[in-house]
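K.L.:
Shown below is the structure under consideration.
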Amino acid sequence: MAEDGALLEITDLQVAFHGPDGRTTHAVDGVDLSVTPGRTLGIVGESGSGKSVTSLAVMGLLPKGTEITGRIGFEGRDLLKESARRLRDLRGDRMAMIFQEPMTSLNPAYTIGDQISEAILRHRSVGRREARARAIEMLRKVRIPEPEARFQEYPHQLSGGMRQRAMIAMALACDPQLLIADEPTTALDVTIQAQILELMRRLREETRAAIILITHDLGVVAEVCDEVAVMYAGQIVERAAVQDLFAFPQHPYTVGLLGALPRFDAEQGELAVISGSVPDMSRRPTGCRFRSRCPFRIERCEEMPPLIPVENGRLTRCWRAPLQRLVA
Amino acid sequence: MFTLIGRRLVQLVPTLFLVSVLIFSLQHLLPGDPALVMAGEEATPEVVEQIRKRYNLDKPLPVQYVHWIGGVLQGDLGESMRLRLPVGQLILQKLPVTLQLAFMAMAIALLIGIPAGVISAVKRGTATDHAVNVFALAGISTPNFWLGIMLILLFAVKLGWLPASGYVSPFVDVQRSLATTILPAIVLGTAIAGVIMRHMRSAMLQALDSDYVRTARAKGLHERTVVWKHAVRNAITPVITLGALEFGTLLSGAVLTEQIFSIPGFGKLIVDAVFNRDYAVVQGVVLITAATYILMNLLADLGYILANPRLRT
C-alpha cells in the first residue's frame, strides 16, 4: 500500500529493548507503514502492541540503548541514519507529537504561553514578541477562548480539554508536516473527546498535515481516520481503508476488536471479549502470534503468515483470508 | 498565599511557648548549682545565698519561669551570670559570626550539591554517576571534626596558606575574614552538599522520567534546555525545603566546628554557657535558635510557593 508521495514511509521497523535483567523485548517486529499528506492513519491495538513505541521511534524519542533497525523514511531521508542534532531540528518543526495525558505532559512550572512560544523560538528566527503573537494565534486556532489571558496561565488553571487544545496548539505552532497523536482523547470526557477530534479533523483540512492517530478506541478511528493499521504483539496484522475495515474485518483479531466495540444498534447483552492474553514478547513466539486466542486457527498457523493482499489493496496477516465466509 | 503566611505566623506562638517551657525545665535538670559555680570554691554560704537571691534561683521553678518569660516578652533575655552582660547583647555579638559562616557554608553546599545532583541524574548508571555518589557519601559520612582537623593540618600547618583558627569580622578586613572562615565553611558545606546532592539526584531522576520532559524533547529543545529549564525547575522544589532546614541547623551553631576553628559563634557561646551553668545564656540562645528554625521553615514554604505555581492561586 506504499503510495507515491508518502510523507512518512516506515519499512521493516524493528525495535528491541534490552532489559537490565538481560532479557530482550521485541516491542516492534517488522512494521511497514506509510502516510500521505492530508490523510489520517489510525494505529489500533491494545497496550503493549507496539503502537506507541512505533511512534516514539519515528520521533526519535526512544531511550538510549534501544535497538532500532529498518528504515523510517521522512521527506526523502532515513530518520534512523540522521544525527541526534538533525532529529532535534526536525522535532517540533517538521514533525510534532501530542500525548495522552495533557496535565502531566505540560510542564506545571511554566505558563501555557511560555511553553508554546518556546517551540516557536526554537525553530523560527523570531523575537519574543513575534513568538508571543504566533502563540496567541495558535491558541485562537485551537478555539481556546480569551487566548491573551490563557497565554499567561499555568496548566493547572485550565480544564482537561483546554489543556489538550493547548498541547495541540504547541504541536502545530511550527506547521509540522506530520502530527503524531498518541491517545489524544483517552484521558478526556466523552463530550470533550468529540470536540478534540472535530478540532483535529478541521486542522488537518487547514494544514494538509499527515496525521498518525494512535488509539485503542475503534470509535475514534471510525470518526477521523482514512486508513487503519491494526497492531498485535509488535506486528501489523491488518491494514485497510477505514470503511473496509469496519465493513469486513479480514483478521481474526480485528474481528475480535470489532466484536468488543460497544454499539448502540446491537442487541443488549454482555460485552464481547477476546479470551486469552498477548504473548510474552521477551520470548518472541514463533508462528502466528494471535493463534493461541484465535477461533479460526488451523495447523498452518504454526508458521508465521506474511501480510497477504486481499481485495482493494488491503493486507492481512492471516492464512485463512479472506475471512468473509468464516465470519458470515 | 497571604493567609498561609498569616496562619504560619500564628502557629509560631504556641510552638515557641512550648519550646521555652522545654528549654527552661530541661536545663534545670542538669546537675550542678550555678550559684556555686559562680561563687567559686572558696565562697562562703552567705555569698552563694546572695547570688541565689540576685538571680531568683531561690524561688520555685514556675516562678522563675514566669520571671524569665516576662522579661523575654519585653525583649529582655536576662543577664549572663558569668560574663555579667545582657544575653541579648551577647547574642547580637555572636549572631553575625554564625550568620556569615552559615551563608558561606550554604553557598558551598548549593554550588556543589545542585550541579552534582543534576549531573549524576543525567548520567545515571555511568562512571560519573558512581563517582559523584561516592563523593556525596564521603561528604555525608566524614565527621566534621575530623575533616576540620585535616584541613587545618593541610592548609594551615603544612601549606601555611590559611590561619588555623580565630575570626576576623568582614567589616574589619574582608580578605582576612574570608581566610578565617573558609575552612569551617567548607567543613560544614560539604556535609550538607552531600545531602543536597542525593535529594537533587532523586528528584531529577523523577523529573527526567516525566511526561513534560518528553514533551520538551518532542519540541526539539536542546538537551541542556530540557534538563536545566524543564527538569531542574521542578526537581528543585523539595531541595528548597531541605536547604532551608539545613540553613536553620547551621544557624543554631556548629558546635564542634566552631570549637575546632575557635570561631566565636553561637556554637561556642552555647557550649561555654552549658559548661558554666549559665542558664540565662543557654535559654536565650536556644530560644532564638528555635525561633530562627521555625522562621526558616516558613521561608522554605514561601520558596516552595514561588517555585510551584500550583500553590500560588
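The values are calculated or read from the model by the stated rules, or taken from the named source; none is laboratory data. Keep in mind the model is a prediction, meaning the values are calculated, not measured. Cβ atoms come from the backbone with ideal geometry, glycine included; neighbour counts cover every protein chain shown. These area figures cover heavy atoms from the full protein model, side chains too; ligands, DNA and RNA do not enter into them. Shrake-Rupley method; radii C 1.70, N 1.55, O 1.52, S 1.80 Å.
K.L.:
What does the helix-only formula give at 222 nm for chain A: each DSSP H stretch with n ≥ 4 adding -39500 (n - 2.57), the total divided by the residues, and the result rounded to the nearest 500 deg cm²/dmol?
P.N.:
Here the helix-only value at 222 nm equals -9000 deg cm²/dmol.
K.L.:
Here is a further query. With a 1.4 Å probe on protein heavy atoms only, work out how much accessible surface B and A bury together, total over both chains, in Å² to the nearest 100.
P.N.:
That pair hides around 2200 Å² of surface in total.
K.L.:
Right, another one. Which ³J(HN,Hα) values, rounded to whole Hz and listed in residue order, are derived for the stretch A:176-191 from phi using the Karplus coefficients 6.51, -1.76 and 1.60 in 6.51 cos²θ - 1.76 cosθ + 1.60 with θ = phi - 60°, glycine and proline given as x?
P.N.:
x, 7, 10, 10, 9, 10, 9, 6, x, 10, 4, 8, 10, 5, 4, 5
K.L.:
Give a quick list of chymotrypsin sites (Phe, Trp or Tyr not before Pro) in the stretch B:127-178 that DSSP marks as loop, anything other than H, G, I, E or B, with at most 15 other Cβ atoms within 10 Å.
P.N.:
B:Trp161, B:Phe171
K.L.:
If you place +1 on the Cβ of every Lys and Arg and -1 on the Cβ of every Asp and Glu, how big does the dipole about the Cα centre of the protein assembly as shown come out, in debye to the nearest 20?
P.N.:
My answer is approximately 920 debye.
K.L.:
Out of A:Gln157, A:Gln250, A:Gln14, any idea which swings most in a Gaussian network model of chain A, alpha carbons joined below 10 Å?
P.N.:
Result: A:Gln157 has the largest fluctuation of those listed.
K.L.:
How much mean residue ellipticity at 222 nm does chain B get from its helices, if each DSSP H run of length 4 or more adds -39500 (n - 2.57) and you divide by all residues, to the nearest 500 deg cm²/dmol?
P.N.:
-24000 deg cm²/dmol
K.L.:
Also, I was wondering about something else. Can you find, among B:Gly117, B:Ala43, B:Trp228, the residue sitting farthest towards the positive end of the charge dipole of chain B, where Lys and Arg contribute +1 and Asp and Glu -1 at Cβ?
P.N.:
With unit charges placed on the Cβ atoms, the residue in question is B:Trp228.
K.L.:
Kindly report the accessible area of chain B per residue (heavy atoms of protein chains, probe 1.4 Å, no ligands, DNA or RNA), in Å².
P.N.:
So chain B comes to 51 Å² accessible per residue, rounded to a whole number.
K.L.:
In addition: Over the whole of B:217-228, what's the average partner chain Cβ count within 10 Å per residue? Rounded to a whole number, please.
P.N.:
Mean partner shielding for this stretch: 6.
K.L.:
Percent of accessible area on chain A owned by carbon and sulfur, 1.4 Å probe?
P.N.:
The nonpolar share, carbon plus sulfur, comes to 50 percent.
K.L.:
Students often forget the sequence filter, so: which aspartates and glutamates lie under 20 Å Cα-Cα from A:Lys81 once same-chain residues fewer than 8 apart are removed?
P.N.:
Candidates past the 8-residue exclusion: A:Glu9, A:Asp12, A:Asp29, A:Asp32, A:Glu67, A:Asp89, A:Asp93, B:Glu223.
K.L.:
Suppose R0 equals 30 Å; then what is the FRET efficiency for A:Glu205 and B:Arg310 from their Cβ-Cβ distance, rounded to the nearest 0.05?
P.N.:
0.25
K.L.:
Place a +1 charge on the Cβ of each Lys and Arg in the stretch A:105-175 and a -1 charge on the Cβ of each Asp and Glu, then give the dipole magnitude about the Cα centre in debye, rounded to the nearest 20.
P.N.:
It comes to approximately 120 debye.
K.L.:
Among all stretches of chain A without exposed GluC sites (Glu not before Pro) (DSSP loop, at most 14 other Cβ atoms within 10 Å), which one is longest?
P.N.:
That would be A:76-266.
K.L.:
Do you know the relative contact order of the stretch B:93-277, to the nearest whole percent, from alpha carbon pairs under 8 angstrom that are 6+ apart?
P.N.:
It comes to 34 percent, rounded to a whole number.
K.L.:
Right, something else. Report the residue, chosen from A:Asp226, A:Asp244, A:Asp21, that carries the largest GNM mean-square fluctuation when chain A is represented by alpha-carbon nodes joined by springs under 10 Å.
P.N.:
Of the options given, A:Asp21 has the highest mean-square fluctuation.
K.L.:
If you don't mind, another one. Roughly how large, in nm² to one decimal, is the mean projection of the convex hull of the alpha-carbon atoms in chain A?
P.N.:
Approximately 18.1 nm², given one-decimal rounding.
K.L.:
Just need the relative contact order of chain A here, percent rounded to a whole number, with Cα pairs under 8 Å and 6+ apart.
P.N.:
20
K.L.:
What percent do you get for the relative contact order of chain B when only Cα pairs under 8 Å and 6+ apart count?
P.N.:
26
K.L.:
Just to check I understand the Karplus step: with θ = phi - 60° and J = 6.51 cos²θ - 1.76 cosθ + 1.60, what whole-Hz values come out for the stretch B:62-68, glycine and proline as x?
P.N.:
x, 5, 4, 4, 4, 4, 5
K.L.:
Continuing with this model, one more query. Quick one: pull the percent of accessible area on chain B belonging to carbon and sulfur, 1.4 Å probe, ligands and nucleic acids left out.
P.N.:
After summing per-atom areas, the C and S share lands at 68 percent.
K.L.:
Are there any trypsin sites (Lys or Arg not before Pro) in the stretch A:1-83 that are in a DSSP loop and have at most 16 other Cβ atoms within 10 Å? List them by number.
P.N.:
A:Arg23, A:Lys64
K.L.:
Nearest 5 percent is fine: what portion of the DSSP beta bridges confined to the protein assembly as shown is antiparallel?
P.N.:
Of those bridges, close to 60 percent are antiparallel.
K.L.:
Among B:Leu287, A:Gly259, A:Gly19, which residue has its Cα positioned farthest towards the positive end of the charge dipole of the protein assembly as shown, with +1 placed on the Cβ of Lys and Arg, -1 on the Cβ of Asp and Glu, and the dipole taken about the Cα centre?
P.N.:
Final value for the positive-end residue is B:Leu287.
K.L.:
Put +1 on the Cβ of every Lys and Arg and -1 on every Asp and Glu Cβ in the protein assembly as shown; which of B:Met104, B:Leu57, A:Gly5 then has its Cα farthest towards the positive end of the dipole?
P.N.:
Value: B:Met104.
K.L.:
Compute the accessible area of each residue in the stretch B:289-313 twice, once for its chain alone and once with every protein chain present, using a 1.4 Å probe on heavy atoms, and list those whose area falls by at least 50 Å².
P.N.:
Correct list: B:Pro309, B:Arg310.
K.L.:
Can you give me the C-alpha center-to-center distance between the stretch B:1-62 and the stretch B:257-276, rounded to a whole angstrom?
P.N.:
The stretch B:1-62 and the stretch B:257-276 have Cα centres separated by 19 Å.
K.L.:
Follow-up question, since we're still on this one. Quick one: dipole size for chain B, taken about the Cα centre, charges +1 on Lys/Arg Cβ and -1 on Asp/Glu Cβ, in debye to the nearest 20.
P.N.:
The dipole of chain B has a size of about 1440 debye.
K.L.:
Given a 1.4 Å probe, how much area per residue of the stretch A:7-88 is accessible, in Å²?
P.N.:
Result: 42 Å² per residue.
K.L.:
On to the next question. How about the stretch B:254-313: which trypsin sites (Lys or Arg not before Pro) there are in a DSSP loop, with at most 13 other Cβ atoms within 10 Å of their Cβ?
P.N.:
Qualifying residues, ordered by number: B:Arg312.
K.L.:
Let me ask you something else. Along each of the three principal axes of the Cα atoms of the stretch B:93-277, give the extent in whole Å, ordering the values from largest to smallest.
P.N.:
63, 33, 31
K.L.:
Too long at a 19 Å Cα-Cα cut-off: which of B:Lys123/B:Lys219; A:Lys51/B:Lys229; A:Lys64/B:Lys123?
P.N.:
Over 19 Å Cα-Cα: B:Lys123/B:Lys219; A:Lys51/B:Lys229.
K.L.:
Another question, then. Using only Cα atoms, locate the centre of the stretch A:301-318 and the centre of the stretch B:77-142, then give the distance between them in Å, rounded to an integer.
P.N.:
Taking the Cα centre of the stretch B:77-142 as reference, the centre of the stretch A:301-318 is 68 Å away.
K.L.:
Next up: Which of these, B:Leu153, B:Leu183, B:Leu137, has the largest mean-square fluctuation under a Gaussian network model of chain B (Cα springs below 10 Å)?
P.N.:
Among B:Leu153, B:Leu183, B:Leu137, the largest GNM mean-square fluctuation belongs to B:Leu153.
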